[in-house]
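Please treat every number below as a calculation from the coordinates, not as lab data. Everything numeric in this text was worked out from a predicted model, so none of it was measured. Quick reminder, even Gly has a Cβ in these numbers, built from the backbone with ideal geometry, and neighbours come from all protein chains shown.
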Amino acid sequence: MQLPPRVIPANEYRRMRWKNGAGWTREIHAEPSAERWDWRLSIAEIEQDAPFSAFPGVDRELVLLSGNGLRLRFADGEAHDLLPPHQRLRFAGERALTGELLEGRTEDFNLMWRRDAVQAELWHRPLVGTMVVFVDPGSTWVLHLLSGRARIDGDHALGWLAQGDTALFTAGGMRTRYPVEGGGEALLIRIDPVVDTAAQ
């Protein structure tokens, strides 16, 4: 079933416990469902040093949204600091790690996808004037507004986004154009199904 294009306001995100119970997250969207997803968007609320949940078969990308920084300390000894304004890291969900706060609580954008089902790319982009997103059939694009205000116009007008809102862009049987007008900063994500080369 084709995911409909829409704007998800920040006040509609669903707050829930982490899988391991060590923290809280606000789920933006899970596709196709929260119970069995191929990809998922959420915002982790980290208020104390805590182990991350393990997600076998899943790749992740974490982006610092707010706070003074988060250290991702992996069990194998590797460590990465996510520093303001919006540093990010991609890593495998199987890897054991602990999130360590550098100075106070953080909020972190969390993109997760099952690597045998979809592939995902994430970019941090300034939004100045008009940006056009072209979506091919089968693809899903996501725009999460980090700051500012934006409007999605054109044939598939979705209305306004405020800071913290998220838009999902999809196409029907043909390539679809989504003009985004406004100012600020955004995370832009492209999600595509994995192609089964053995079946070709």
Label model pair residue 54, residue 27: point-to-point distance (7 angstrom along the Cα→beta-carbon line) in nm is 2.2
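Tell me whether the range 118-194 comes out rounded, prolate or oblate; compute the Cα gyration tensor, take square roots of the eigenvalues as a ≥ b ≥ c, and use a/c under 1.5 as the rounded threshold.
On the way: a/c = 2.18, a/b = 1.36, b/c = 1.61.
Oblate, because a/c is 1.5 or more while a/b does not exceed b/c.
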Once all Cα-Cα distances of the range 13-114 are split into 5 Å bins that start at 0, what whole-number percent is in each one? 3, 14, 24, 30, 20, 8, 2, 0
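Stokes-Einstein diffusion coefficient for the range 68-170 at 37 °C in a medium of 0.692 mPa s, Rh from the Kirkwood formula over Cα pairs: what value in µm²/s?
202
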Per the rule of 0.36 nm per residue minus the C-alpha distance, extending residue 92 to residue 80 adds in nm 2.9 nm
Give the distance, in whole Å, between the Cα centre of the range 87-110 and the Cα centre of the range 119-173. 25
How do 35, 27 line up, fewest other C-beta atoms within 10 Å first? 35, 27
For Cα extents along the principal axes in Å, the listed values are (1) 68, 50, 37; (2) 60, 32, 30; (3) 48, 44, 26; which was obtained by calculation from the structure presented? (3)
